[in-house]
Each structure stands twice: as C-alpha cells, then as structure tokens.
Amino acid sequence: MRLGMAGAVICTLAGTAVGGMLRERKYARLRLLEGEAEILARMRLMLMEERLSMPRLLEECARAAPDNLFAKRLLRVGQLLEKQPLLSLENAYGEACRLYPLTAEKKEDRYVMHHFFRQLGRGTAAMREQAAASALRKVKPALESAEEAAKTGGKLSMQLGLLLGLVVGIALW
C-alpha cells in the first residue's frame, strides 16, 4: 500500500517525535540529578548551621527549588514529619516516593536517596552533614554520566528517529 508524499512526511514526523521523546527522557534524568545535587548541597550547608528542625529544613530546601519534582518529595516528607512526629524519616521519604514517582529515577538513584534518608534520621548534626556530603558524592558521578548521555545520546536519538521515519516514509511512498 502506497501512501505517497503525505505518508512519507507523517512517518518522518512520527520518527522525529519518537526520537524527541527518547531525548527528553535523557534530559529528564539530567534535570532530576541536577535538582538532587543542588538540594543536597543546600541541605548540607543548612545542616552545618544546625539551626532548623528536620521538617523545617526539608521544607526550606524544597522551597528553594519549587519546580523540581525531588523538591516536591522533600516538601511532602517535611509535611508528613510535622503531622506524624513519630514517623521515621526513611518511612516518610518512602511515602513521598509513592506519592511522587519519578520516571527518570533509576534504581541506583532511589537506593542512594533512601540510604541518605535512613542516615539523615539518625545521629548528630555533624553526622547528618556527613550523610548529605556522602549522598552528594554519590550523585555527582551519576550527574556527570547523565550529562554525557544527554549530550551524545539525546542528539543521537533525534537523528535516529528522523532517519527511521525517513526510511519508513520512503518505503511507503
């Protein structure tokens, strides 16, 4: 069945859209990791000052980056801790993860953050600051990897999507 020029154009556009979607997934992970790194760095500084309760600390860090999905999780954790003071920080974060699932988050990213919140709920302010520093050190390599993947893989996804669309469009012409 031959679709002609209109079919070729539609296939090209569809292939480009698929490539764009794949590219966006790579950039979504990059934005997530950038937000996590920014919030962890801010949290670490605030922990050094030892001036806020844990719910207030989380809410302050979340309000610094309101458009970040990770910040929404932190805000929810802070709200849960205020409403249920006996709830552990790790369980509050788990509940926030269920409420705000992040499709760009990989399994290893989830593990790092769950481990961080487990450590953050225990110990002195100095130990909490060290937990934030440790989580930040673990996020940095993933962030660098995501930057590289977004630059090279994002461009490649767009090009392959366009090429696939052209090939299918020409075949159907």
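3J(HN,Hα) along the stretch 80-97: 4, 5, 5, 6, 10, x, 8, 6, 6, 4, 5, 5, 5, 5, x, 5, 5, 5 Hz, from the Karplus curve 6.51 cos²θ - 1.76 cosθ + 1.60 with θ = phi - 60°, whole Hz, x for Gly and Pro.
Each residue of the stretch 105-117 was assigned a 3J(HN,Hα) from its phi angle through the Karplus curve 6.51 cos²θ - 1.76 cosθ + 1.60 (θ = phi - 60°); the sequence is 7, 8, 4, 5, 5, 4, 4, 4, 6, 5, 5, 4, 5 Hz, with glycine and proline shown as x.
In the stretch 42-119, what chymotrypsin sites (Phe, Trp or Tyr not before Pro) fall in a loop by DSSP, with at most 14 other Cβ atoms inside 10 Å? Here no loop site has a sparse enough neighbourhood.
Which loop GluC sites (Glu not before Pro) in the stretch 1-97, with loop taken from DSSP, have no more than 15 other Cβ atoms within 10 angstrom of their Cβ? Could the numbers behind the result be given before it?
On the way: sites: Glu24, Glu34, Glu36, Glu38, Glu49, Glu50, Glu59, Glu60, Glu82, Glu90, Glu95; in loops: Glu50.
Sites meeting the loop and neighbour criteria: Glu50.
Between helix 125-148 and the chain there is an angle of about 10 degrees, using the helix long axis and the longest principal axis of the Cα atoms.
Rolling a 1.4 angstrom probe over the protein heavy atoms with all chains in place gives the chain an accessible area of 59 Å² per residue.
Think of it as helices only: each DSSP H run of n ≥ 4 in the chain is worth -39500 (n - 2.57), and spread over all residues that comes to -27500 deg cm²/dmol at 222 nm. Exceeding 23 Å between C-alpha atoms, which entries from my cross-link table qualify? They are Lys72/Lys138; Lys83/Lys140; Lys26/Lys106; Lys106/Lys140; Lys83/Lys106. Beyond 23 Å between Cα atoms: Lys83/Lys140; Lys83/Lys106. With Rg and Dmax of the Cα atoms in Å in mind, check (1) 20.9, 76; (2) 20.3, 81; (3) 21.2, 71 and report the label derived from this structure. Matching the structure shown: (3).
Hey, got the dipole for the chain? About the Cα centre, +1 on K and R Cβ, -1 on D and E Cβ, debye to the nearest 20?
Details: 27 positive and 19 negative charges, 61 e Å.
In debye, rounded to 20, the chain gives about 300.
Taking amide H as placed 1.01 Å from N in the peptide plane, Tyr100 has no amide H partner under 5 Å among residues 5 or more places away or on another chain.
What is the stretch 60-107 by shape, rounded, prolate or oblate, if you read a ≥ b ≥ c off the alpha carbon gyration tensor as root eigenvalues and call it rounded for a/c under 1.5, prolate for a/b larger than b/c, and oblate otherwise?
Details: a/c = 2.64, a/b = 1.28, b/c = 2.07.
Note, shape of the stretch 60-107 comes out oblate.
Given a 1.4 Å probe and every protein chain left where it sits, what share in percent of the accessible area of the chain is carbon and sulfur?
On the way: 6080 of 10130 Å².
Roughly 60 percent of what the probe reaches on the chain is carbon or sulfur.
Of the residues Met21, Ala149, Ile39, the one whose Cα sits farthest towards the positive end of the charge dipole of the chain is Met21 (charges of +1 on Lys and Arg Cβ, -1 on Asp and Glu Cβ, taken about the Cα centre). The stretch between Ala6 and Leu156 holds 51.5 nm of extra length on full extension. This uses 0.36 nm per residue minus the Cα-Cα distance.
Which longest uninterrupted range of the chain lacks any trypsin sites (Lys or Arg not before Pro) assigned by DSSP to a loop state (not H, G, I, E or B) and surrounded by at most 13 other Cβ atoms within 10 Å? Mind showing how you got there, number by number?
Working: sites that count: Arg2, Arg51, Arg122.
The segment 52-121 is the longest one with no such site.
The values are calculated or read from the model by the stated rules, or taken from the named source; none is laboratory data. Fair warning: this is a prediction, and the values are worked out from it, not measured in the lab. Neighbour counts run over all protein chains shown; Cβ positions are idealised from the backbone, glycine included. The accessibility values were calculated without ligands, DNA or RNA, using every heavy atom of the protein model including side chains. Shrake-Rupley method; radii C 1.70, N 1.55, O 1.52, S 1.80 Å.
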